[in-house]
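Just below is one structure, and these are the notes that go with it.
The values are calculated or read from the model by the stated rules, or taken from the named source; none is laboratory data. Note that the structure is predicted; figures quoted are calculated from it, not measured. Neighbour counts run over all protein chains shown; Cβ positions are idealised from the backbone, glycine included. Quick note on the areas: whole protein, heavy atoms, side chains included, nothing else; ligands and nucleic acids left out. Shrake-Rupley method; radii C 1.70, N 1.55, O 1.52, S 1.80 Å.
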Amino acid sequence: MATWNASSPAASPCSSRRRTKAPARRPSSESPPLRKMKSMAEIMAKSVPVVEQEEEEDEDSYSNVTCEKCGSGEGDDELLLCDKCDRGFHMKCLRPIVVRVPIGTWLCVDCSDQRPVRRLSQKKILHFFRIEKHTHQTDKLELSQEETRKRRRSCSLTVKKRRRKLLPLVPSEDPDQRLAQMGTLASALTALGIKYSDGLNYVPGMAPRSANQSKLEKGGMQVLCKEDLETLEQCQSMYRRGECPPLVVVFDPLEGYTVEADGPIKDLTFIAEYTGDVDYLKNREKDDCDSIMTLLLSEDPSKTLVICPDKFGNISRFINGINNHNPVAKKKQNCKCVRYSINGECRVLLVATRDISKGERLYYDYNGYEHEYPTHHFL
């Protein structure tokens, strides 16, 4: 018979378990020991000034940048760097010219999707101005021009000057020359992203057509007489047939796009109507468009209207104004903008104020009689 042994492992099932000692608790008042941190002076002493090296390298790499157009590195404040190829371009050397430093990313012509506007073909020009060729209309036009010349011969110069009647435009006789003239206008409009328009546009969200009432004009507005209205309608029909005044749009490095006479233009000849979107002046007070034209001056400033040729326009968009504070600049004026009441609505017409010779640029007084727009910076 087996005897019980206290030392036997089977004596108690719990004899194989060992009791471990619990860790001593730290009093709540004590805080854990702080890890020793390096001081900023020690860190900076061992660090390498990577940023300063990069800045120095950037300054050295861009110090010799020159303009890809003129080859000069002068005028750092006007030198634009392409964010893709890092090539430099002067703002005045770009075509079209850049008048202000772009905000955000800027890409040159080679790196962007935009390409220089090429010369438009005859088919594209006719489609651009929505012109249809009609031989019989051309014959009628030649007959009407002969009648107009006979009428001018029968009228003395003194009477014509005294009555101040508008004269219809006389287009160039060569069809190819007229096509080239329209091509320069189409190229300029396309380069600025402007669509051609031969009249005033009333866009939803801007001023409605009902707001354009000549009776609201402050002090009244001169009414276009019946004879001048017939001249205007005749010129508009000629425009629709692709027969425009002998004018070309050229680019000047200082003045930007401007208009030159491609043939002689007589005094009092109708040149063009100022076209574009009609809007209230209060909506355009902070607009940076440089060609906004006054359409209606109302006694109530909130009803004053302006023409904005930033999205739609014609050749009047590119005729430059003069510095009417400079006597020398005043001598360059050879046309003017006149606001007329036509069928109860305000319209702005551009008319020659003297004989204009071929190659002469067209200028007009931007302010007219208002003298509200500053023209001190005009050339």
**OP:** Return the residue satisfying two criteria in turn: it lies in region 225-245 and is open to solvent by 30 Å² or more (accessible area, probe 1.4 Å) and among the acidic types (Asp, Glu), and of such residues it is farthest from Gly276 (Cα to Cα).
**Re:** Glu227
Original post:
If Leu232 satisfies every condition in (1) within 28 Å of the chain's Cα centre (by Cα); (2) modelled with pLDDT of 90 or more but one, which is the exception?
Top reply: (1)
Original post:
Tell me, which residue of region 209-224 that is loosely packed, with under 12 Cβ neighbours inside 10 Å and touching a Phe, Trp or Tyr at 6+ places or on another chain (Cβ under 8 Å) is modelled with the highest pLDDT?
Top reply: Arg209
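Condition check ((1) of a type in the set (S, T, N, Q); (2) touching a Lys or Arg at 6+ places or on another chain (Cβ under 9 Å); (3) at pLDDT below 85; (4) surrounded by 15 or more Cβ atoms within 10 Å (Cβ to Cβ)) across all residues:
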{"residue": "Arg100", "(1), (2), (3), (4)": "no, no, yes, no"}
{"residue": "Asp113", "(1), (2), (3), (4)": "no, no, yes, no"}
{"residue": "Leu141", "(1), (2), (3), (4)": "no, yes, yes, yes"}
{"residue": "Arg149", "(1), (2), (3), (4)": "no, no, yes, no"}
{"residue": "Arg152", "(1), (2), (3), (4)": "no, yes, yes, no"}
Original post:
Does any residue in region 72-90 that is open to solvent by less than 30 Å² (accessible area, probe 1.4 Å) come within less than 7 Å, Cβ to Cβ, of a residue that is among the charged types (D, E, K, R) and not in a strand (DSSP E or B) six or more places away or on a different chain, and which pairs are these?
Top reply: Gly88/Glu68; Phe89/Glu68; Phe89/Lys69; His90/Lys69; His90/Glu78
**OP:** Go over the candidates Gly263, Gly276 one by one and state the one that is surrounded by 17 or more Cβ atoms within 10 Å (Cβ to Cβ) and under 22 Å from Gly199 (Cβ atoms).
**Re:** Gly276
Subject >> Residue check, Tyr257 open to solvent by 30 Å² or more (accessible area, probe 1.4 Å) and either among the hydrophobic types (A, V, I, L, M, F, W, C) or closer than 30 Å to Gln234 by Cβ (or both) >> reply: yes
Original post:
Which ones in region 290-314 are free of Cβ contacts under 8 Å to residues at least 24 places away in the same chain and within 19 Å of Gly199 (Cβ to Cβ)?
Top reply: Ile292
Subject >> strands (runs of 3 or more DSSP E) contained in region 240-354 and holding at least 1 residues more than 19 Å from the chain's Cα centre (by Cα) and modelled with pLDDT under 90 >> reply: 335-342
**OP:** Would you please name the residue that is surrounded by the fewest Cβ atoms within 10 Å (Cβ to Cβ), looking only at residues in region 167-183 that are touching a helix residue (DSSP H, G or I) at 6+ places or on another chain (Cβ under 8 Å) and in a helix (DSSP H, G or I)?
**Re:** Leu179
